[in-house]
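Enquirer: Just passing along the structure, written as structure tokens.
What follows draws every value from the coordinates through simple rules; no lab data is involved. Treat the numbers as computed from the prediction; the structure is a model and nothing was measured. Here the Cβ is made from the backbone with ideal geometry for all residues, glycine too, and neighbour counts use every protein chain on show.
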Amino acid sequence: MVTDGPFVETKELIAGHRLAGLVHVAVVTAEDSVRLVAVGPSRAAVLARLARYVREWAPHRLWPRDAERVTGALRAGEVEAAVVTYFEAVGERWDRERLHIEVAGPVLSPEWAPS
């Protein structure tokens, strides 16, 4: 099983693993691809993964002033503000990205999944 803290990577879903209860899903898309799928048991878990994503990519995909606003918000612990700022600014310098967030469930755990 591939995990990153409370975050479950896409490979688990592809392999047929399922989480019990509600599942929070965030998908980052560009015009030509899916750039990130974050799945977790809570909104906070998905936001934590999105924070890592925007921390990594802000310097490469945003203008320097916008990237500093994102990293400054992250340093201040304002994770949601950092994510919002990133997705408002991305696309002004390079490719546009969109963030899609959903809550799904309940989802069967692996022992109850049909074989």
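Enquirer: Which of the residues that make up region 27-42 are touching a strand residue (DSSP E or B) at 6+ places or on another chain (Cβ under 8 Å) and either free of Cβ contacts under 8 Å to residues at least 40 places away in the same chain or surrounded by 21 or more Cβ atoms within 10 Å (Cβ to Cβ) (or both)?
Expert: Within region 27-42, Val28, Val34, Leu36, Val37, Ala38, Val39, Gly40, Pro41, Ser42 meet the criteria.
Enquirer: What is the residue count in region 79-96 for residues that are surrounded by fewer than 15 Cβ atoms within 10 Å (Cβ to Cβ) and over 18 Å from Ala26 (Cα atoms)?
Expert: 4
Enquirer: Could you list, ordered by first residue, the pairs with Cβ atoms under 7 Å in which the first is in region 55-78 and surrounded by 13 or more Cβ atoms within 10 Å (Cβ to Cβ) and the second is assigned to a helix (DSSP H, G or I) and of a type in the set (D, E, K, R), at least 6 apart or interchain?
Expert: What qualifies is Thr71/Arg55; Leu74/Arg55.
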